[in-house]
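Since the structure comes first, as structure tokens, the remarks are kept for the end.
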Amino acid sequence: MQHADTTVTPLVRDAAEGRLPDWVQAKPKRREHMARVANLMRQWAMELGLGDDETARWAAAGYLHDALRDADPDELRPMVPPGFRELPGKLLHGPAAAERLDGDADGELLDAVRCHTLGCPRFRALGRALYLADFLEPGRTFSPEWTESLRRRMPRDMDAVLREVVEARIGHVVRSGGTAHPETKAFHAQVQAEAR
Ligand SMILES: [Fe+2]
Ligand SMILES: [Fe+2]
């Protein structure tokens with residue numbers, strides 16, 4: 001089973017403390033965002049009573065998710081698996097970072113990074129939390145009152161918060177038959193089904 005081994009690797013241990021690999025391509029403002037996402041992830045993991053290793057993996061996911069966000073999309077496109085190669089340039093950084101991290105992080109963490117913008121039906125708590133932390137971190141200026149109210153409900157109300165965020169981010173695209181990635185459509189369907 002892909003997710004069985006969640007051993008904290010040396011890279012993940014370092015990333016949890018904000019020490020990032022030298023191949024990271026992220027500008028200073030981006031690194032601040034990554035740190036805010038990591039802080040939310042750490043806070044939520046602790047509030048959920050997860051252990052030290054699990055908390056380190058959650059914080060590391062926050063620090064690593066945008067590791068290649070400021071790389072040239074033309075450089076990232078050949079790195080990603082065929083199923084992601086047609087994505088718009090801005091969305092290649094998740095799958096590319098997961099490829100770069102393969103071998104240095106566990107499968108659940110890789111899935112979380114790979115699909116942090118698309119969503120993914122394989123997400124467990126870590127992937128869902130990263131998807132939410134990326135959107136809800138307090139540096140975002142989008143709809144601050146709404147996002148603050150959602151942050152206040154985290155992490156105890158994670159599944160309901162996720163439904164609201166997924167609906168706001170991708171519900172209209174999927175319903176209108178727009179060009180959502182298959183992972184995104186499957187994620188939306190999964191989250192909707194949980195509401196019934
Ligand atoms: Fe991102
Ligand atoms: Fe991000």
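General observations
- Mean separation of Cα contacts under 8 Å, 6 or more apart, over the residue count of the chain: relative contact order %: 20 percent
- Using θ = phi - 60° and Karplus 6.51 cos²θ - 1.76 cosθ + 1.60, couplings along segment 159-175 (whole Hz; Gly, Pro as x): 5, 6, 4, 4, 4, 5, 6, 4, 4, 5, 7, 10, x, 5, 5, 5, 5
- For segment 10-139, the share of alpha carbon pairs falling in successive 5 Å distance bins from zero is 2, 13, 23, 26, 21, 11, 3, 1, 0 percent.
- Using only side-chain charges placed at the Cβ, +1 for Lys and Arg and -1 for Asp and Glu, the dipole size of segment 10-139 relative to its Cα centre rounds to 340 debye.
- Computed [θ] at 222 nm, deg cm²/dmol, the chain (DSSP H ≥ 4; -39,500 (n - 2.57); rounded to nearest 500): -16000 deg cm²/dmol
- Under Karplus coefficients 6.51, -1.76 and 1.60, residue-wise ³J(HN,Hα) of segment 131-142 in Hz, glycine/proline x: 4, 6, 5, 4, 7, 9, 4, x, x, 5, 9, 5
- Packing, taken as the mean count of other beta carbons within 10 Å per residue, orders the peptides 41-49, 186-194 from highest to lowest as 41-49, 186-194.
- Where labels lie 7 Å past Cα in the beta-carbon direction, separation of Gln192 and Arg169 in nm: 1.7 nm
- Average Cα contact separation per residue, segment 1-86, under 8 Å, 6 or more apart, as relative contact order %: 37 percent
The numbers here are math on the coordinates, done by the rules we state, and not lab data. Values in this document were obtained by computation on a predicted structure and should not be read as measured data. Neighbour counts run over all protein chains shown; Cβ positions are idealised from the backbone, glycine included.
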